[in-house]
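Every read-out reported here was derived from the displayed coordinates using simple, explicitly stated rules and does not represent laboratory data. Worth saying up front: this structure is predicted, and the values here are computed from it rather than measured. Cβ coordinates were reconstructed from backbone atoms using ideal geometry, including for glycine residues, and neighbour counts include every protein chain displayed.
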Amino acid sequence: QVQLVESGGGLVQAGGSLRLSCAASGIIFSDYVMGWYRQAPGKERELVARITPGGSTNYADSVKDRFTISRDNAQYTIYLQMNSLKPEDTAVYYCNAVQMVLHQRPDLGSWGQGTQVTVSS
């Protein structure tokens, strides 16, 4: 059974930083594309960043040069370092795991419970 547990959310002032973590279990981690998505109130869930088993990354334009995704294949964990946070980054952040062969369909993967990030102005 796949389990994704996020941590590290919280309240921060604009310009501040947070680091999110997502610990995975129940999967062969090296077979999975891992990602962070977010959903703000009244909006659809959107991609923030993804990382392949080999370490290739892609980011939403809105977070490029501010956020960094990384993975520790030995610890079955991914991270999202968020710097220069803006109020518009406020959302629930979700961890996603999808098998590499299905990487274009994150909806067919597994999701964590989400962690709230709130950025005050």
(request) Only residues that are over 18 Å from residue 3 (Cα atoms) and touching a residue at least 40 places away in the same chain (Cβ under 8 Å): list them for the range 64-79, please. (result) none
(message) Among the residues of the range 100-121, what is the count of those that are in contact (Cβ under 8 Å) with a residue 60 or more places away in the chain and hydrophobic (A, V, I, L, M, F, W, C)?
(response) 4
(request) Restrict the check to the range 10-17 and report whether at least one residue is assigned to a loop (DSSP other than H, G, I, E, B), in contact with a helix residue (DSSP H, G or I) (Cβ under 9 Å, 6 or more places away or on another chain) and either without any contact (Cβ under 8 Å) to a residue 60 or more places away in the chain or loosely packed, with under 13 Cβ neighbours inside 10 Å (or both). (result) no
(request) Out of the residues in the range 23-52 that are acidic (Asp, Glu) and outside any strand (DSSP E or B), state the one that is surrounded by the fewest Cβ atoms within 10 Å (Cβ to Cβ). (result) 44
